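Here's the structure, in structure tokens; my notes come after.
Values quoted throughout were computed directly from the atomic coordinates according to the rules given, and no laboratory measurement underlies them. Quick caveat: nothing in here was measured; it's all calculated off a predicted structure. Ideal geometry is used to build each Cβ from the backbone, glycine not excepted, and the neighbour counts take in all protein chains shown.
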């Protein structure tokens, strides 16, 4: 019996031209960027960098399909800025973007800190770090406050072991994992100076600016609307004052501080309604934050720097 010849498989046809605008829409990148614009207030320079990165990746994908010289671009990133400026949210959108463009297999985000990677005793760090990396493969590993991995003042610290494992994986498996390091700008700069291996592996440095007072008020309205609450006019004025005063207090964390303030305002509103209501309450009463729910904050009892300077 003669062996049946296997049919020849033809190589995929190489396109002579690619419409980048069509690729932008069909890949879903347009949807991700639109969602970023819709969900995140402000952050214009961050959004600009994300759009530029998306354009680069679309062009690289087109070049690959056309058989041009191609190498997977380095996609590891550094997000710097103060707390509450949207770094984790943007990392989630970036994971979605990279997945839609085919640069990572799964598109999930694994968010960790030093405690998730560094062990407490000899032999503990390597398995912890490798387990996290295993979870993150095919997606994005987001390391918040990454500079805490490096503690040169402590001779018995095991952070350096985690750093060495991370650097090796970032170099050798960059086709299957994107690492985003995040933290305060100055501390991250010192971290890169002490660990040049990280700087050489990171191509994209994105700085997240603080929100303006107007942007924080808009963020507050968006947060309340999401929970079916709203501010009456005096409460809007009170919250505007609160934001300006809170910015001058210690541990201000942008949108995170606003979210915490609104949680406390809702607590005060609930207590006010419980103590003062004398009958059934309609939806408007149950959903309205009043000025007194804002001005009861201790922030209004603390002098700002300008008030202290001009008593």
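For region 137-190, the pair-distance distribution built from all alpha carbon pairs, in bins 5 Å wide starting at 0, is 4, 18, 24, 24, 19, 9, 2 percent. Given R0 = 25 Å, the distance between the Cβ atoms of residue 167 and residue 106 translates into a calculated FRET efficiency of 0.65.
For the chain, the Stokes-Einstein estimate of translational diffusion at 37 °C and a viscosity of 0.692 mPa s comes to 143 µm²/s, using the Kirkwood hydrodynamic radius over alpha-carbon pairs. Using only the C-alpha atoms, the convex hull of region 41-121 corresponds to 131 Å³ per residue.
Each distinct pair of alpha carbons in region 150-278 adds a 1/r term; the inverse of their mean, the Kirkwood radius, is 18.7 Å. Relative to the dominant Cα principal axis of the chain, helix 125-136 is inclined by about 90°. Each residue, residue 65 and residue 156, gets one label point 7 Å from its Cα in the Cβ direction; the gap between the two is 5.8 nm.
Compute the acute angle (0 to 90°) between the alpha-carbon long axis of helix 159-172 and the principal axis of greatest extent of the alpha-carbon atoms of the chain; round to the nearest 10°. Approximately 50 degrees, to the nearest 10. Please work out the FRET efficiency for the pair residue 189 and residue 226, using the Cβ-Cβ distance as r and a Förster radius of 30 Å; give the result to the nearest 0.05. Once rounded, the FRET efficiency stands at 0.25.
Sorted by packing (mean other beta-carbon atoms within 10 Å per residue), highest first, where do 233-240, 174-181 land?
So the peptides 233-240, 174-181, ranked by packing, come out 174-181, 233-240.
Rg and Dmax of region 213-302, based on Cα coordinates, read 12.9, 42 Å. Could you work out how far the C-alpha centroid of region 204-249 sits from that of region 125-200, in angstrom? Here the answer is 33 Å between Cα centres.
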